[in-house]
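Take a look at the structure set out below.
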Amino acid sequence: MKIGIMLPQEWEKGQSDPVEAYEHMTEVAQEAEALGFDGVWLFDHFYSTTSPELASKSIFECWMSTAALARDTSRIRIGQLVTCNSFRHPALLAKMASTVDVLSHGRLTVGIGAGWYEREYTAHGYEFPDIPTRLRQLGETAQVLKAMWTEQETFFAGKYIQIAGAINQPKGVQQPHIPLMIAGKGERVTLKLVARYGDACNFTHPTPEEMQHKFALIRQYCGEIGRDPAEIRRTIYVNGCVGETDPEAITKAQNVSQKFSIDAIRTRGLLGSPATIRQRLHDIEQLGVQEVIVSLSDVDLPSLRLLAQSFH
């Protein structure tokens, strides 16, 4: 099972200047690579979704950071958890991703979701349609991305997206195309999109029962369209807090309780010493998970090194 880490893309104003904050994020990515993590991941927001005072935190833009990290690392995979479908036209997103795949020598995973944070949409001038519309738009985007990563010339006539002879060269490095991870738990629409277009799925903070149920639905939906479900990589996103001992980890979690619920970390994430987390990762793998992406309560180098002990 592979292990990825969310990068410290969000930081408190006044904590350090922007250059120092960005260099810290880069340092964490490079250390994750050196420690043997399989991926580093970025979120796609314009401001904090966790802080009640939105202006109190600063955030580096997702895709600009992805491109920079592609050049500041050499082996580790890079992805988004997740790109907001509404923020970029899919033809542009396809071109951006193809370019980053070249910059990274074929290490990109494009993670995408329907979007959810209404306040962020309206503040930045984006329309916020209802969830059925956003999901239909996501389905059209998935088709356009796959087409522009594989076809010589792309034509697409959808309800929301029209493409008339778009050319995307280079298409990237990975074959047959850049992998597309579709995130979300919705059973009536999202998981059907995963089955039809996804190269990976991602569920946020799932319980063991939820994982088994969602994976079974993906297998069912793949069977209905004649697709091998083994083609879809099964990933989850969890919160984590690691310490030298279990009590130390719990104390650290209590100190950041505004960001994470201790009970939620214990039951749906990773909480404890490296040995405790190693067993938890084993249990998660037995459920069929192929990759765990961890959002640490404190994304610093000591915590990263402790977490690495859980899978070495």
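The values are calculated or read from the model by the stated rules, or taken from the named source; none is laboratory data. The structure displayed is predicted, hence computed values, not measured ones. Backbone-built Cβ (ideal geometry, glycine too); neighbour counts: all protein chains shown.
I need the full set of residues from region 215-240 which are over 17 Å from the mean Cα position of the chain (by Cα) and basic (Lys, Arg), in order please.
219, 227
Any idea how many residues of region 263-288 are of a type in the set (Val, Ile, Thr), under 30 Å from residue 217 (Cβ atoms) and without any contact (Cβ under 8 Å) to a residue 60 or more places away in the chain? Talk me through it step by step, then tell me what you get.
From region 263-288, those of a type in the set (Val, Ile, Thr) are 265, 267, 276-277, 284; that's our starting set.
In the following step, the residues that additionally are under 30 Å from residue 217 (Cβ atoms) were identified as 265, 267, 277, 284.
Filter once more, keeping what is without any contact (Cβ under 8 Å) to a residue 60 or more places away in the chain: 265, 277.
Residues in region 263-288 being of a type in the set (Val, Ile, Thr), under 30 Å from residue 217 (Cβ atoms) and without any contact (Cβ under 8 Å) to a residue 60 or more places away in the chain: 2 in total.
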Residues of region 1-42 satisfying the condition of being closer than 24 Å to residue 235 by Cα and free of Cβ contacts under 8 Å to residues at least 12 places away in the same chain: 34
Have a look at 168, 239 and point out the one that is closer than 22 Å to residue 286 by Cα and buried (at least 17 other Cβ atoms within 10 Å of the Cβ). 239
Answer yes or no as to whether residue 305 is free of Cβ contacts under 8 Å to residues at least 40 places away in the same chain, out of contact with any strand residue (DSSP E or B) (no Cβ under 7 Å at 6 or more places or on another chain) and of a type outside the set (A, V, I, L, M, F, W, C). no
Scan of region 70-112 for residues that are part of a loop (DSSP other than H, G, I, E, B), crowded, with 20+ Cβ neighbours inside 10 Å and of a type in the set (Gly, Ala, Ser), ordered by number: 104
Please identify the pairs in which a residue from region 71-94 that is modelled with pLDDT under 95 has its Cβ atom under 6 Å from the Cβ atom of a residue that is part of a helix (DSSP H, G or I) and among the basic types (Lys, Arg), counting only partners at least 6 apart or on another chain. none
Determine if region 57-64 includes at least one residue that is free of Cβ contacts under 8 Å to residues at least 40 places away in the same chain, outside any strand (DSSP E or B) and not aromatic (Phe, Trp, Tyr). yes
Any residue at all in region 270-278 that is among the hydroxyl-bearing types (Ser, Thr, Tyr), modelled with pLDDT of 95 or more and part of a helix (DSSP H, G or I)? yes
Report every pair of residues separated by at least 6 positions or lying on different chains whose Cβ atoms are under 8 Å apart, first residue within region 140-156 and farther than 12 Å from residue 193 by Cβ, second polar (S, T, N, Q) and not in a helix (DSSP H, G or I). 144/154; 147/154; 148/154; 148/168; 149/168; 154/168; 156/162
Pick from region 282-308 the residues that are acidic (Asp, Glu) and part of a loop (DSSP other than H, G, I, E, B): which of them is surrounded by the fewest Cβ atoms within 10 Å (Cβ to Cβ)? 300
Determine which single condition residue 148 fails, assuming it passes every other condition in (1) in a helix (DSSP H, G or I); (2) over 16 Å from residue 93 (Cβ atoms); (3) more than 19 Å from the chain's Cα centre (by Cα). (2)
Go through region 179-214 and count every residue that is under 14 Å from the mean Cα position of the chain (by Cα) and buried (at least 20 other Cβ atoms within 10 Å of the Cβ). 10
Residue ID - surrounded by the fewest Cβ atoms within 10 Å (Cβ to Cβ), chosen from residues in region 113-130 that are under 20 Å from the mean Cα position of the chain (by Cα) and in contact (Cβ under 8 Å) with a residue 40 or more places away in the chain: 117
